[in-house]
1. Contour minus end-to-end for E79 and K114, with contour as 0.36 nm per residue of separation and end-to-end as the Cα-Cα distance?
2. With contacts defined as alpha carbon pairs under 8 Å and 6 or more residues apart, what's the relative contact order of the chain in percent?
3. List the residues, sorted by chain then number, that are 5 or more residues from A36 or on another chain and whose placed amide H is less than 5 Å from its amide H.
4. GluC sites (Glu not before Pro), restricted to segment 147-242: which are DSSP loop and have at most 11 other Cβ atoms within 10 Å?
5. Rounding to the nearest 20 debye, state how big the charge dipole of the chain is about its Cα centre with +1 on each Lys and Arg Cβ and -1 on each Asp and Glu Cβ.
6. Sort V234, V157 by Cβ crowding within 10 Å, fewest neighbours at the top.
7. For n ≥ 4 DSSP H runs only, could you compute -39500 (n - 2.57) per run for the chain, divide by its residues and tell me the 222 nm figure to the nearest 500?
8. Roughly how many nanometres apart are two label points built 7 Å out from the Cα toward the Cβ at D37 and E158?
Amino acid sequence: MGRQWLHAKREVASLKKSKTTSKFVREITLAARLGADPTLNSRLAAALERARKESVSRDIIERAVQKGSGTEGGKDSLEHMVFEGYAPHKVPLILEVYTDNHNRTAPEIRFLFKAGHLGASGSNRFLFEQVGIVEGHHPESGKDREEAGIEAGANEVEALSHEQNDEIPADSCGARFLTERSAVHSVAQWLKANGWTVVTSELGYVPKNYPELGDESRAEVGTFLQSLEDHDDVHRIWAAVR
């Protein structure tokens, strides 16, 4: 077989990098709809930071910003789609998708739900609350998250570990701040001004309740969610699983 395995490995790595880059480009494009200046658009600032960490080229980033903001002839043709449904074991989820071809993406997503066997589509938005979500980390591992949340103007604060979000360094103080939808930018700005690194700043869905799952059930849910995540047009998955 020689070194054919090495070529195959490189092709797989290249494909994964291409898919990752496309997701970063989409996130930047969507964030730039709210404005091209990252100092006034915390969602864009967070998206740019993530893309740079993954070595997305400057030209690609600039084109995505121009496309999203409509500057310099850029044009954003992405359509927002929301799918509601259930993962195995009746775990509710909301799936956000952005696509330039509705007629292609919609049946593909429905097929993934059917292929998940125990997964199913169905209305469940009432099981979630739409809120602002700001995630970040502070270099002082003993930093008081609650105090920071109060000062920033967040409604709730949760500890956030590296295992939950790999953008949170293992030796830092990670936190998820839940805010009013209109307060996302102001909370993110306060955190950045006070030594926090913001990695997420967006509107999202928080489950009102979480089903009890054993290890085997959790693994089945994870496999199903990964099949959705692997679709190029999937932007975010909000699922009632811890």
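1. 10.3 nm
2. RCO, the chain: 22 percent.
3. Amide H neighbours of A36, under 5 Å, 5+ apart: none.
4. E163, E212
5. For the chain, the charge dipole is close to 860 debye.
6. V157, V234
7. Value at 222 nm, helices only, nearest 500: -13500 deg cm²/dmol.
8. Distance between the two pseudo-spin positions: 3.4 nm.
Any read-out appearing in this document is the output of simple, stated calculations on the displayed coordinates, not a laboratory observation. Everything quoted here is computed from the prediction, not taken from an experiment. Heads up, the Cβs are rebuilt from the backbone with ideal geometry, glycines too, and the neighbour counts pull from every protein chain shown.
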